[in-house]
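Asker: Take a look at this one; I'll ask things after.
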Amino acid sequence: MDYDVVIIGSGPGGYIAAVRCGQLGLKTAIIEKYETLGGTCLNVGCIPSKALLDSSEHYFNATHTFAAHGIELKDLQVNLPQMINRKGEVVKQTTDGIKFLMKKNKVTTYQGMGSFVNKNTILITDKNGGTQQITSKNIVIATGSKPASIPSIPLDKKRIITSTEALNLKEVPKHLIVIGAGVIGAELGSVYGRLGAKVSFVEFAGSMIPTMDGTMGKELQRAMKKLDTDFYFNHKVTSVENKGDEVVVIADNNKGGTLTLSGDYCLVAIGRKPYTEGLNLEKAGVQKDERGRIVVDEHLQTNVPGIYAIGDVIRGAMLAHKAEEEGVFVAETIVGQKPHINYLLIPNVVYTWPEVAGVGYTEEELKAKGIAYKTGAFPFKASGRARASMDTDGTVKVLADKQTDEILGVHMIGPRTADMIAEAVVAMEFRASAEDIGRMSHAHPTYTEALKEACLAATDNRALNI
Amino acid sequence: MSLEVKVPSVGESITEVTIASWHKRDGDSVNADDVLCELESDKATFELNAESAGILRILVQEGETVPIGTLICRIEEKNGVQPAAKPVEKAAPKVEPTTPNTNRTPAITENKTQSMQETPQTTEVVEMKVPAVGESISEVTIANWTKKDGDQVQLDDVLCEIESDKATFELTAEASGTLRIVAQAGTTLAIGDLICKIEKGAAAGNGTQGGGVTPSKEMYSAPKEVLKEENKKSEEPGTQPAQTTPVADNQKTSSTSYATGHASPAAAKILAEKGIYNKEIKGTGIDGRITKADAVQAEKTQPKAPAGPQETAKPAVNQATASVPGSREQRRQKMTQLRKTVSRRLVAVKNETAMLTTFNEVDMKPIMEMRAKYKDKFKEKYNVGLGFMSFFTKAVCVALQEWPAVNAMIDGDEIVYNDFVDISIAVSAPKGLVVPVVRNAEQLSFAQIEAEIIRLAGRARDNKMTIEEMTGGTFTITNGGVFGSMMSTPIINAPQSAILGMHNIIERPVAINGQVEIRPMMYVALSYDHRIIDGRESVSFLVRVKQLLEDPARLLLGI
Ligand SMILES: Cc1cc2nc3c(=O)[nH]c(=O)nc-3n(C[C@H](O)[C@H](O)[C@H](O)COP(=O)(O)OP(=O)(O)OC[C@H]3O[C@@H](n4cnc5c(N)ncnc54)[C@H](O)[C@@H]3O)c2cc1C
C-alpha cells in the first residue's frame, strides 16, 4: 500500500496528526505496536493517573473534610481493586474513542511494530511475527518516550517500579519512597499518600517540581504536608535494593551525609527518555542527538526530507498537549500550510491537589534574562469561592513587564488551576496586559476571580478583595 | 427591519466557503430554522439555517466563493416588507445628547445601542452601493480599498477598485466626509449592495470604540518600527517567543502599544502562508493588533502597497514573479475574480460545445511583400502602422459573410445569424486575457482597423476597458504567434461559434510549382462549434481565409 502519510505511534502526537491529516484529505495510516491506541497518555499516563488522582482525592476528602461539611461517614474503606477497575474503564472508553476517530477520519490502522526499511518504506511486524510493508511520501515518527532509568536503580517492576506499575498496584503501600519530586512523582505520590501511605520524596534538586516557578514548588510542598510526607532535597540516590518485601534506598546529600530509607515500594520517577528502539532509524538515515532525541528543524522535519518527528521523541516539554500541537503542525506543514507553535505558551500542569499550572516565563527566568518585571499575587484564602469549597491552599502569581504591563508569565497553584491556566494562555497569545485582564468581568464567585485580582495587583497593586 | 445573514466561522483554517446550493429562492418566505443553503468548504459541507422568519433576499449566488463573514443574504421581516430597498440607516441617531458624562465611572462601557457610539452631533450618511456596470454583470468583487476605514475623503476621491469578470473600475466618493467601509476587500457583492458609507462632515473619531470616556486610544495605529517584530525564525521551537522584549516606553504614543502589529495565532498562520510580514499590514484590533480578519484581507490588498508616505517600497513580497534562486518554497495566491471567471468559462465551453479544430497554412510572402512596399506610405498617411491584423481581419470578414454559420451563435433552440461582423481580438492585459471588440469590421478600412486595435489594446493595458467594449463580438481572432506559438487549438469565446488562431511566421521549405522554395509560412487554426458549423463550412471558411491572405488583391476585388 502507498500512503501520503504514515504515522508511527498513536499517542497524543500521532493520533492527532492522523486526525488532522485525514481532515486535510491525505491518505493516512497509523501504526501502533500496542494493542490499544492512544499511547502513553491514554493508556499509562495522563488519563489513568487523573482517574486515580480523582478517586484518591474523593477518599481523602471523605476522611478529612466531609465531617466539617456536615457529612458523617463510618467504616470508610479503600477498595483499591475497584479504583483500578474504574480507571481501566476510563482508559478503555478513551482508547475506544481514538479507534472511532481513526475510522471517522478514514485513517488506516496497523497493529504492529513499525520499522524503517528505507526512507519511504516501513515494515510492520505484528505480535505473531507476521510482516508487511507499506510505503509513503511522508512519515511521521511519534514513538514517544519510556520511563528513564539509571544503572544504580535497577527496575524490577515489582517493588522498584515506574509510573506504569504504580497505576496498577494491588495494595496501598505502607511506605512509598518516590525518587524524583517532579510532576509524575508528585502526582502518584499524592495518590498513595491520600490513600494512607507514608510517602518520602528523594529529589536531586532543591525543591518539588523544580522546573516550574519557584513559588509553586514551595507552595505545593506546604500543601503536601497535610499528607504523611517527608522530603529529602539535594539528595542523589546511589543505590536501590529489593530485599524481598522491603526496598532500601541509599542517597548522598550535598553536605557529605548519607541517607538510608526503607519502604515497601520505590517509585522511580526521574524522568522519561525518548523511545526509538526497533525503529531502525539508521535505515532511513535519521539523526538523533546526544540525549537520544530525534533531531528536527523548525518545521519538525528530521534531517531526511519527508520524515518528521513530534512529541516526546523530540526536544521540548514532554506533555501531551505539546505533542498534539505538533501533530496538527506537521499535518498542516505537509499540505503546504504555514502553522506555528508558540512554545513559550504551552502550559505546564501538575494535577496534585491543589493543582499547579504555569505558562510563560518563570520569575527565575525573568531574573536571569534581566527583564524588568512586576509581580501581582492573590491567595485563594481571600477567595470566597475557595472558602465555600474549603480549597483555600494556594495562590495566583502574575508577572508583567514593568514598562508595558504586558503579561510575561502566570503561575498558579490552587483549586482547578489546570483549567484556569487557559485564560492566561489566551491572554498571552494576544499579548494582553495585566490591566486588560483586570478590566474584564469574571463571574462571581469563581476561582478565576483570583487571576483577575492577581492582575489588578500586578497592574497597580490594586487588588480589590484583599 | 431585516436580519443580515453572514457566513459563519466554521472551523480553524477555513477562510472561505462556496455557496453550494440555495434551498430557498430569492423572495421566498422562510421560517426560523429553515435550511437556507448549503455551504461548502474545502473540508466539509454544512447547512445554514434561518435565524428568523421573513422574506429571503439572496445576495450571493450559487457557486460563488466568499470569505468568512461575508453577507450572503438578508431576511426581511414580513410586515413592512421593503422589496428592494435596504433599510437606510439614517443616522441622526436617536440619542438623547449623550455628551460624555464625565461623572460616569470609567469602567462602564455601554454598547447596547449602536448609536451610542456615534458622535452625538447629527451626521448625514451617504450610502454608496454597487453601481450597475453593464448588462450581464450581476456581481462584482471589491479588489482593494485605496482609502481606509475612518479616513476623511473628498468628493470624487477614488475609494476602491471593483472587479467584475469583465473589467476593473474605480469607485469614487459621492460625498466628502468620513469613510465607513462596509464590504471588505475580497468581498463579492451583487449590484445594488452597500459598499460603504460616508458620514458627511462627521468628526474623524474612531467610531468603533465604545464609551467616550475611556482614555484615548486610537484603534487604528501604524505599527511602530521600533517594535521587534515577531518573525518566523525566532519562533523556532525552544527559543522564547520573539515578542517579550520590553520596548522603550518613552517612544510610545497614545495610539500604539507594545502589542501593535502583533498577530493573533490564527492571523499569524494566515500571514505566514501568504508570505506577508506583520509589519506590512495594519492591525485593526485593540491597540493595532492584527486580527484574523486583517490577515484574511491582507492578501487581497497586498499586491498594491498602500501609498503611504513612509512606505518605502517593499520589493518582491508576494509577487507571483519573484523567485529566489535555490529556494524550493511554494507560494499560494488567491485566484482573482477575473481568473476564476475565466477558468470557469473555459471549462464550461469545453463541456458545453462540440468543439474541434481545423488547420491550414498560409504563405505570408505576398502580404509581407505588400507590407514592405507600402508600410511607410501607409504610416505617413494614416498615422498607424500597417500590421498583419488588418489583413487577417479583412480576410475573416469576407469569409464570414460567405459562410454565415461561422458568424452565427446558438441561443436556446435557435440559431442567431449576424449580418454584421464584430471581431473580438484577444489581447493580453496585466490582469489576464481581455477581448475587446472591433465593431462592424466588414465596413472598416485597413487603417481604421489598425487604429481601432491599437486604441483597444492600449486601454486593455491600462485596465481601462469598459464592459461595453468587450461584449458582443461575433467571431474572435487570437494571435499566439506573438509569443512564439507555432500551432495551437484555441478555445471558442462563447457564445460565439468559432475562433481563428494565428501563429508565428517561420521560413519553411514548400513546394511551389514543383520547386522547393523557402517561404514565410504561418499555420492557422479554426476552432468551431460543430453543433452549428459543419465540417464543409469550417474547412471552406479557413481555405477561403488562406486564399484571401495569399492573394490580397482578391480582398480588393471581392473575389
Ligand atoms: C504517569 C504519567 C502521567 C502523565 N500525565 C500527563 C498529563 O497529565 N498531562 C500531560 O500533558 N502529559 C502527561 N504525561 C506525559 C504524556 O503522556 C506524554 O507527553 C505524551 O504521551 C507524549 O505523546 P507522544 O505522542 O509523543 O508519545 P506516546 O504517548 O508515548 O506514544 C507513543 C506511542 O508510540 C508507540 N510506538 C513506539 N515505537 C513504536 C514502533 N516502532 N512502532 C509502532 N508503535 C510504536 C508506543 O507504543 C506508544 O503507544 C504523563 C506521562 C506519564 C507517564
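Asker: Output the qualifying pairs, or none if there are none: Cβ atoms under 6 angstrom, residues six or more apart or on different chains, first residue in the range A:27-43 and within 6 Å of the ligand (Cβ to nearest atom), second residue among the β-branched types (V, I, T) and outside any helix (DSSP H, G or I).
Answerer: From residues that are within 6 Å of the ligand (Cβ to nearest atom), the pairs are A:I31/A:I8; A:I31/A:I124.
Asker: When you check B:V17 against the structure, is it closer than 19 Å to B:T187 by Cβ and touching a strand residue (DSSP E or B) at 6+ places or on another chain (Cβ under 8 Å), yes or no?
Answerer: yes
Asker: Residue check: is A:G13 within 14 Å of chain B (Cβ to nearest Cβ) and within 13 Å of the ligand (Cβ to nearest atom)?
Answerer: yes
Asker: Run down A:V313, A:V304 and say which single residue is away from every other protein chain (no Cβ under 11 Å) and within 16 Å of the chain's Cα centre (by Cα).
Answerer: A:V313
Asker: Could you please let me know if B:G412 is touching a residue at least 40 places away in the same chain (Cβ under 8 Å) and surrounded by fewer than 20 Cβ atoms within 10 Å (Cβ to Cβ)?
Answerer: no
Asker: Right, another one. Within 30 Å of A:G25 (Cβ to Cβ), within 12 Å of the ligand (Cβ to nearest atom) and assigned to a helix (DSSP H, G or I) - does that describe any residue in the range A:101-115?
Answerer: no
Asker: Next question. Kindly indicate which of A:E406, A:E429, A:E435, A:E453 is crowded, with 24+ Cβ neighbours inside 10 Å and either within 14 Å of another protein chain (Cβ to nearest Cβ) or among the aromatic types (F, W, Y) (or both).
Answerer: Criteria check complete, one pass: A:E406.
Asker: Residues to consider are A:E165, A:E246, A:E171; find the one that is within 16 Å of the ligand (Cβ to nearest atom), in the same structural domain as A:G263 (by TED's automatic domain parsing) and over 18 Å from A:I413 (Cβ atoms).
Answerer: A:E165
Asker: Follow-up question, since we're still on this one. Could you list, in sequence order, all residues of the range A:299-324 that are more than 11 Å from the ligand (Cβ to nearest atom) and of a type in the set (D, E, K, R)?
Answerer: Within the range A:299-324, A:R315 is the sole residue that qualifies.
Asker: Take the residues of the range A:151-162 that are in contact (Cβ under 8 Å) with a residue 24 or more places away in the chain and more than 12 Å from the ligand (Cβ to nearest atom): which is farthest from A:T238 (Cα to Cα)?
Answerer: A:K158
Asker: Say whether the condition of being within 30 Å of A:G13 (Cα to Cα), in contact with an Asp or Glu (Cβ under 8 Å, 6 or more places away or on another chain) and not in a helix (DSSP H, G or I) is met by at least one residue in the range A:424-438.
Answerer: yes
Asker: Report whether or not A:E72 is of a type in the set (D, E) and assigned to a helix (DSSP H, G or I).
Answerer: Considered against the rule, which asks whether it is of a type in the set (D, E) and assigned to a helix (DSSP H, G or I), A:E72 comes out as no.
Asker: Can you name every residue in the range A:388-419 that is touching a residue at least 40 places away in the same chain (Cβ under 8 Å), in a loop (DSSP other than H, G, I, E, B) and closer than 19 Å to A:N342 by Cβ?
Answerer: Result: no residue meets the conditions.
Asker: For residues in the range A:249-284 being of a type in the set (S, T, Y) and either closer than 30 Å to A:I314 by Cβ or within 14 Å of chain B (Cβ to nearest Cβ) (or both), which is farthest from the ligand (Cβ to nearest atom)?
Answerer: A:T276
Asker: Can you go through A:G292, A:G327, A:G316 and tell me which one is assigned to a loop (DSSP other than H, G, I, E, B), closer than 23 Å to A:V359 by Cα and at pLDDT 95 or above?
Answerer: Being assigned to a loop (DSSP other than H, G, I, E, B), closer than 23 Å to A:V359 by Cα and at pLDDT 95 or above holds for just one of A:G292, A:G327, A:G316, which is A:G316.
Asker: Please tell me if A:A148 is more than 16 Å from A:E32 (Cβ to Cβ), within 10 Å of the ligand (Cβ to nearest atom) and touching a residue at least 24 places away in the same chain (Cβ under 8 Å).
Answerer: For A:A148, the condition - more than 16 Å from A:E32 (Cβ to Cβ), within 10 Å of the ligand (Cβ to nearest atom) and touching a residue at least 24 places away in the same chain (Cβ under 8 Å) - is not met.
Asker: Same structure, new question: Return the only residue of B:A447, B:A460 being buried (at least 21 other Cβ atoms within 10 Å of the Cβ) and outside any loop (DSSP other than H, G, I, E, B).
Answerer: B:A460
Asker: Still on this structure, I have one more. Can you tell me which residue in the range A:328-343 is nearest to the ligand (Cβ to nearest atom), limited to those that are without any contact (Cβ under 8 Å) to a residue 24 or more places away in the chain and touching a Pro at 6+ places or on another chain (Cβ under 8 Å)?
Answerer: Per the stated criteria, the residue is A:I341.
Asker: So which residues in the range A:326-350 are of a type in the set (F, W, Y) and crowded, with 20+ Cβ neighbours inside 10 Å?
Answerer: A:F329
Asker: For the range B:254-276, give me each residue that is among the hydroxyl-bearing types (S, T, Y) and either surrounded by 23 or more Cβ atoms within 10 Å (Cβ to Cβ) or more than 7 Å from every other protein chain (Cβ to nearest Cβ) (or both).
Answerer: B:S254, B:S255, B:T256, B:S257, B:Y258, B:T260 - these are the residues of the range B:254-276 that are among the hydroxyl-bearing types (S, T, Y) and either surrounded by 23 or more Cβ atoms within 10 Å (Cβ to Cβ) or more than 7 Å from every other protein chain (Cβ to nearest Cβ) (or both).
Asker: Identify the single condition in (1) away from the ligand (no atom under 14 Å from the Cβ); (2) more than 18 Å from A:A17 (Cα to Cα) that A:T135 does not satisfy, given that it satisfies every other one.
Answerer: (2)
Asker: Could you list, in sequence order, the residues of the range A:339-351 that are within 9 Å of chain B (Cβ to nearest Cβ) and out of contact with any strand residue (DSSP E or B) (no Cβ under 9 Å at 6 or more places or on another chain)?
Answerer: Those that are within 9 Å of chain B (Cβ to nearest Cβ) and out of contact with any strand residue (DSSP E or B) (no Cβ under 9 Å at 6 or more places or on another chain): A:P339, A:H340, A:I341, A:N342, A:Y343.
Asker: Okay, moving on. Considering the range A:352-372 alone, what residues qualify as being of a type outside the set (G, A, S) and either surrounded by fewer than 20 Cβ atoms within 10 Å (Cβ to Cβ) or within 14 Å of chain B (Cβ to nearest Cβ) (or both)?
Answerer: Selection gives A:V359, A:Y361, A:T362, A:E363, A:E364, A:E365, A:L366, A:K367, A:K369, A:I371.
This table checks each residue for (1) crowded, with 23+ Cβ neighbours inside 10 Å; (2) of a type in the set (G, A, S).
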position: A:I184; (1), (2): yes, no
position: A:G189; (1), (2): yes, yes
position: A:L195; (1), (2): no, no
position: A:V202; (1), (2): yes, no
position: A:A205; (1), (2): no, yes
position: A:I209; (1), (2): yes, no
position: A:D213; (1), (2): yes, no
position: A:M224; (1), (2): yes, no
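Asker: Another question, then. Does any residue of the range A:125-146 turn out to be assigned to a helix (DSSP H, G or I) and in contact with a helix residue (DSSP H, G or I) (Cβ under 7 Å, 6 or more places away or on another chain)?
Answerer: no
Asker: Test of understanding: among A:G196, A:G206, A:G185, which residue is within 12 Å of the ligand (Cβ to nearest atom) and of a type outside the set (S, T, N, Q)?
Answerer: A:G185
The values are calculated or read from the model by the stated rules, or taken from the named source; none is laboratory data. Given the structure is predicted, the values throughout are model-derived calculations rather than measurements. Note that we place each Cβ from the backbone using ideal geometry, even for glycine, and neighbour counts take in every protein chain shown.
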